[in-house]
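See structure below.
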Amino acid sequence: MGGVPRERLVYVNFEDEQLAGITADQLRIIPEEYYRRFPTLRQRETVTWCLDEIQTVPGWERFVRRLLDSERVEIFLSGSSAALLSREIATAMRGRAWEVLLHPFSFEEVLRHKGQRVPEKAAFLSPAERSGIERAFLDYLAAGGFPEAQGLDSATRRRLLKDYVDVAMLRDVMERHGIANLSALRWLVRHLLGNAAALFSVEKFYGDLKSQGLRVSKDTVHQLLAHLHDCFLVRIVWMEAASERQRMVNPRKVYPVDPGLIPVFDRTGRANLGHALETAVLIELERRRMETTYIKTPSGREVDFLARPLAGDLELIQVCADPTDPTTAEREIKALEDAGAIYPEAKRRLLTLTADAMPPRVPAGVIVQPAYEWMLATPEFSDRP
């Protein structure tokens, strides 16, 4: 928005107590009052309206559509997932809206937020520069990308992130969907966030709940999982399959929406760098608007991601923090090779934690690079400006 005069940028927060109780019929007063203050802009200049939490006003859709039809405007609608899901915006605006997901900070955005220089070519760094970037990347995997969590000490950050999760459970799931079984919901959230990047089976989890004396149906577990995905607390990756039935009967892989949530719920006491790294890669793929599944080869090997970009080649992406051990490297690369035989047109990529975490043998056609280098390379298609 550089160079746009401030008077043409209008922000209205409908959670402001001064606007409490405003009705859809009264919304027309806002643009009328604005244009009385700036009459020379009406019908002559494009005015940008940022309407935050407008879903608190019943019937807001008619007002927004009329404003689009009658004035020279562009409108940004923002709201929490508790009350404004993307599919509801699409229905309300009848094809006139373009959804933009706001993720926590990416690694690049964390660097910018901290005032650190973002290298133009992360593959060509001096040893000192590489050490600095790798230290910052390790910090990012531990702290995550939520803006308010940046710069906080570990205890305060965990308290903040736990509060975020509680709000998502209580407001975005329980209040919105009328969920009464809080115990099952809490159990599910702790399980998913404490086992990031793990395979999740509704059948097995239902059995675990039943063994603990928690009465809940399998349909309810399915619904709770879908609600947690809708409110962007977790992201779900399905197995690549030829049929919908095959896709549904196989376990899903579930990730938190940010790697910073992992240590808040982990009970093992380990650093969990591998899970955090895999989570960060998935969120970056989603930020780049790639459709993502995981691969299970006929020989039983697993590839973390099959990524389909909006345009360009398929990518098979394997994430391994430290493939320097020959046995680990062979397992990860063999999975890529097996999947590459099924998808010969796909690029094959192995993402590691650091630049010196290289496998002993790299076969032709497999790209090996540290994940931060891949993340800092601006893709052709992404949600970045």
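Farthest toward the positive end of the dipole of the stretch 303-357, out of Cys320, Ala341, Thr354, is the Cα of Ala341, where the dipole comes from beta carbon charges about the Cα centre. Ordered from largest to smallest accessible area (heavy atoms of protein chains, 1.4 Å probe), the residues Arg6, Arg186, Arg348 come out as Arg6, Arg186, Arg348. The angle separating the long axis of helix 60-70 from the principal Cα axis of greatest extent in the chain is about 70 degrees. The simple Förster model, with R0 at 41 Å and r as the Cβ-Cβ distance, assigns Thr324 and Glu244 a FRET efficiency of 0.55. Computed 3J(HN,Hα) for the stretch 137-149, one whole-Hz value per residue from the Karplus formula 6.51 cos²θ - 1.76 cosθ + 1.60 where θ = phi - 60°, is 5, 4, 5, 5, 5, 7, 8, x, x, 5, x, 5, 7, glycine and proline marked x.
Report note on the peptides 301-312, 209-220: ranked by the mean count of other C-beta atoms within 10 Å, highest first, their order is 301-312, 209-220. When the Cα centres of the stretch 132-202 and the stretch 250-282 are compared, how far apart do they sit, in Å? So the two Cα centres are separated by 10 Å. In the chain, the longest principal axis of the Cα atoms and the axis of helix 202-211 are about 90 degrees apart. Averaging sequence separations of C-alpha pairs under 8 Å and six or more residues apart, then dividing by the length of the chain, give the relative contact order as a whole percent. Once normalised by length, the contact order is 12 percent. Taking every DSSP bridge with both residues inside the chain, close to 40 percent are antiparallel.
When only alpha carbons are used to place a centre, the stretch 205-239 and the stretch 1-27 end up 38 Å from one another. As a length-normalised measure over Cα pairs under 8 Å and 6 or more apart, the relative contact order of the stretch 312-360 settles at 58 percent. Within the stretch 258-287, what residues put their amide N at less than 14 Å from the label point 7 Å along the Cα-to-Cβ vector of Glu148? Within reach of a label on Glu148: no residues. Taking each of Lys218/Lys296; Lys296/Lys347; Lys204/Lys296 in turn, the alpha-carbon distance tops 22 angstrom for Lys218/Lys296. In this structure, Leu310 and Thr23 have a Cβ-Cβ separation that, at R0 = 30 Å, corresponds to a calculated FRET efficiency of about 0.15. For the chain, find the longest principal axis of its Cα atoms and tell me its angle to the long axis of helix 154-167, 0 to 90°, nearest 10. Taking Cα atoms only, the helix is inclined about 60 degrees.
Entry note, the stretch 263-354: relative contact order of 25 percent, from Cα contacts under 8 Å with a spacing of 6+ residues. Run the accessible area of the chain with a 1.4 Å probe and give the carbon-and-sulfur part as a rounded percent. Answer for the chain: carbon and sulfur cover 50 percent of the accessible area. Here the spin labels are modelled as points 7 Å beyond Cα on the Cα-Cβ line, and at Glu291 and Ser201 they lie 2.8 nm apart. For the stretch 1-22, the residues whose backbone nitrogen is under 11 Å from a point 7 Å from the Cα of Arg37, taken along Cα to Cβ, are 7-12. Peptide packing: for 140-150, 109-119, the average count of neighbouring Cβ atoms within 10 Å per residue gives the ranking 140-150, 109-119, highest mean first.
The values are calculated or read from the model by the stated rules, or taken from the named source; none is laboratory data. These numbers come from a predicted model, not from an experiment. With ideal geometry, Cβ positions are generated from the backbone for all residues, glycine too; neighbour counts draw on all protein chains shown. The accessibility values were calculated without ligands, DNA or RNA, using every heavy atom of the protein model including side chains. Shrake-Rupley method; radii C 1.70, N 1.55, O 1.52, S 1.80 Å.
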